[in-house]
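Single-structure report; data block below.
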Amino acid sequence: QTLSSAQIKQIKSESEQLQSESVETLKSMLRKNDQQVTGTKAQLIDRVADGIVLGRIPRCPVCGGGKPKFDGKQGLYTCAGFMDDDEFHRCSWTGLVTRQPWAT
């Protein structure tokens, strides 16, 4: 999945606009879209900007609980699984996802 120059420019613009938001506001935006909320403020900004421009990444289509991550080397999304209460459910799905609209 190669981004167009317009998408890259749009993500950069969104990132710049998000700089003034608090970490809690960024986390709230990510929670609202069922996205990962851990990381530095810069990582949160990157994740929100990416979601605003490209859409949110849905849960794993195989295990239903994992949150796929993009693997730039493969050009695909991968799911390692998810934690359910005190048990980790492994998943080895790799593929493409259809991003869904970002909730504002």
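The values are calculated or read from the model by the stated rules, or taken from the named source; none is laboratory data. Owing to the predicted nature of the structure, the values given are computational and were not obtained by experimental measurement. Here the Cβ is made from the backbone with ideal geometry for all residues, glycine too, and neighbour counts use every protein chain on show. Note: areas computed on protein heavy atoms with side chains; ligands, DNA, RNA excluded. Shrake-Rupley method; radii C 1.70, N 1.55, O 1.52, S 1.80 Å.
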Could you work out the helix-only [θ] at 222 nm for the chain, with each DSSP H run of four or more residues adding -39,500 (n - 2.57) and the total divided by the number of residues, to the nearest 500 deg cm²/dmol? -11500 deg cm²/dmol
Which order do Met83, Met29 take by accessible area at a 1.4 Å probe, largest first? Met83, Met29
Magnitude of the charge dipole, the chain, Cβ model with Lys/Arg +1 and Asp/Glu -1, debye to 20: 320 debye
How large is ³J(HN,Hα) for each residue in the range 55-60, as worked out from phi by the Karplus curve 6.51 cos²θ - 1.76 cosθ + 1.60 (θ = phi - 60°), to whole Hz, x for Gly and Pro? x, 7, 8, x, 5, 4
What trypsin sites (Lys or Arg not before Pro) in the range 24-97 are in a loop by DSSP, with at most 10 other Cβ atoms within 10 Å of the Cβ? Lys73
Using the Cβ atoms and a cut-off under 11 Å, what net charge is assigned to the surroundings of Cys91, where Lys and Arg are +1 and Asp and Glu are -1? +3
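Can you list the DSSP H helices in the chain whose Cα atoms extend at least 27 Å along the helix axis and whose mean Kyte-Doolittle hydropathy is 0.5 or higher?
On the way: long enough: none.
Length and hydropathy pass: none found.
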Non-local residues with an amide H under 5 Å from the amide H of Gly81, with H modelled 1.01 Å from N and Pro and chain starts lacking one, are Lys67, Cys91
Rounded to whole angstrom, the alpha-carbon centroid of the range 1-73 lies from that of the range 78-99 at a distance of 18 Å
